[in-house]
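The values are calculated or read from the model by the stated rules, or taken from the named source; none is laboratory data. Keep in mind it's a predicted model, so treat the numbers as computed, not measured. Here the Cβ positions follow ideal geometry from the backbone for every residue, glycine too, while neighbour counts run over all protein chains shown. For the accessible areas, the whole protein counts, side chains as well, though only heavy atoms, and no ligand, DNA or RNA atoms are used. Shrake-Rupley method; radii C 1.70, N 1.55, O 1.52, S 1.80 Å.
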Amino acid sequence: VFCYSGSSTNPVETPKKNQASSGVLTSEVLSKGLIRLHLAHRDKPALMRYLAGELCAVQTLPPLEVLLAKIAERETGVETTLDTGLSLPHARLPELENFTAVLGLLSEPIEDPARRELPIRAMLLFLSPDRQPFFSRQLQLLRSVALLFKASFLEALSSARTPEEAWTMIREAEAAAA
């Protein structure tokens with residue numbers, strides 16, 4: 001299924017109807033104020049540090065180093081970059097009441113240390129509460145993200161001129177899939 005964003009002339013592949021409509025949507029956990037465009041980081045750890053710092057700047061979270069250690073713990077032994085080039089580092093924190101996320105879109109792809117042949121084009125760093133009711137919701141979020149963030153959609157997002165435009169593209173693609 002293809003749709004056209006009002007701000008882009010490129011077709012954007014979206015999930016088929018009802019694929020992403022059940023569960024947690026990206027637009028529900030990501031605010032317009034936490035989308036960073038045209039980032040120029042050299043490696044995955046630097047990008048994770050930057051994005052985690054952005055979350056720490058606007059929310060009450062553990063100190064940055066503690067947060068990075070929690071994320072690194074989840075990254076150990078588990079591949080968190082999709083074949084489309086979207087990296088999904090995440091952690092569970094007992095003190096959180098709900099999901100929180102920050103999206104970074106890169107100007108140029110960076111290498112994934114775990115899979116050198118797979119370039120990272122964007123990173124959605126998210127945190128979730130470390131409580132039973134959120135475990136299945138986290139899986140729902142991962143599912144909806146994987147269905148939405150296809151290579152063509154990432155390419156279209158990279159053309160966004162503002163965070164608001166990027167968020168609107170996300171929301172419109174989710175609505176088209178509902």
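Here is how the numbers come out for the structure above:
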| quantity | calculated |
| --- | --- |
| Summed residue charge, Cβ within 12 Å of SER128's Cβ, Lys/Arg positive, Asp/Glu negative | +2 |
| Two-decimal Rg to Rh for the stretch 52-133 - Kirkwood Rh, Cα set | 0.98 |
| Largest-first principal axis extents of the Cα set of the stretch 79-178 (Å) | 36, 33, 21 |
| Convex hull (Cα only) mean projected area of the stretch 135-174, reported in nm² to one decimal | 2.9 |
| Accessible area of the chain belonging to carbon and sulfur atoms, whole % at 1.4 Å probe | 54 |
| Accessible area of the chain divided out per residue, in Å², using a probe of 1.4 angstrom | 48 |
| Under Karplus coefficients 6.51, -1.76 and 1.60, residue-wise ³J(HN,Hα) of the stretch 129-142 in Hz, glycine/proline x | x, 8, 9, 3, x, 8, 4, 6, 5, 5, 5, 5, 4, 4 |
| Compactness of the chain, expressed as Rg and Dmax over alpha-carbon positions, Å | 15.3, 43 |
| Protection-proxy order for peptides 100-106, 36-42, 167-173, each taking the mean of Cβ atoms within 10 Å per residue, highest first | 100-106, 167-173, 36-42 |
| Quarter of Cα convex hull surface for the stretch 105-147, i.e. mean projection, nm² | 4.0 |
